[in-house]
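Engineer: Below is a structure I'd like to ask you about.
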Amino acid sequence: MARITGVSVQEWIDFNSQSFMPGMVLQVADGQIMAPANSAGIGGYDAAASAAATNGSSPGSIFEGMQTIARLARTRSGYNPLDPEGMGNKQHFIQFTQNIASAPMLDLLKADTQDVINNSQNSDSLINSFVDAFIGISTENVGEITKAVSNLAKAALSYSDKIEKYSNFAQNLLQVDSSGNVQFHLYASTFGIHTTESKGTVTFHSEYSVSRAVYQLSPAAWNACKEYFNQQQNTDTNSWINSMTTPVKANGGARALCIERMLRRMS
């Protein structure tokens, strides 16, 4: 059963369907930290979403429902992962997560902050420690996630400069379980990145935190609220992933050779 959040499904849709207005985002102290994102369907999600895809203009399948909910939350917040140095900063990302959290049709399965201790300055170690903090992920999907986070780190590094810049690594994952529940995983942690000459370096404190949240849309909840989305634009999987994934900046400043090698091994 979906949560009681103080707003109805229709109220949530009406609010999040409105155009974003500059200045509406909550002010936070670290709002200028860029927040590049990587998004991916893991396990059998992509195949299941493709098999259930509908032709209508509004979302029909539960997969399209979850993707449309996430899109509405993102666009209302103004968060744009394609613009990590502008509307894709941490300030807008936080508003996006708050909009997701207020969705009454979603169950909150898990939300906490995981403290991580890692004394290495190696970017492979950074990626592995970040992935290790993920929850509710099948062991057979760890390779997919590691590749996704490697792509995220590569994109973040490409936007760094000769001076240190902080980046909120935001990883979004979609998966479906054996009961047909669609789960949306959000992970975020802030790291310092900078270039040294032409070689990228990832720096971070030996102790840092990963914010983790898992939301679920059940078939029963989607069937109960689907009619409210009749006037909403359907969001297919490819469009959702592309709009939620930060591209690597052409001729960007930083490179991390170990990340490049990791991606080649996985391809």
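The values are calculated or read from the model by the stated rules, or taken from the named source; none is laboratory data. Note that the coordinates shown come from a computational prediction; the quantities given were computed from them, not determined experimentally. In case anyone asks, the SASA skips ligands and DNA or RNA and just uses the protein heavy atoms, side chains included. Shrake-Rupley method; radii C 1.70, N 1.55, O 1.52, S 1.80 Å.
Engineer: Given the protein chains as shown and a 1.4 Å probe, how many square angstrom of residue 154 are accessible, to the nearest 10?
Structural biologist: Its heavy atoms expose roughly 60 Å² to the probe.
Engineer: Among 90/147; 110/165; 90/110; 165/249; 110/147, which pairs are too far apart, with a Cα-Cα distance over 25 Å?
Structural biologist: Correct reply: 110/165.
Engineer: Also, quick follow-up: For region 122-166, what mean projected area does the convex hull of the alpha carbons give, in nm²?
Structural biologist: 3.5 nm²
Engineer: Going by amide H atoms built from the backbone, whose H comes under 5 Å of the H on residue 41, apart from near neighbours?
Structural biologist: For residue 41, the qualifying residues are 174.
Engineer: Using only the alpha-carbon atoms, what does region 29-154 span along each of its principal axes? Please give whole angstrom values in decreasing order.
Structural biologist: Projected onto its principal axes, the Cα set of region 29-154 covers 50, 37, 26 Å.
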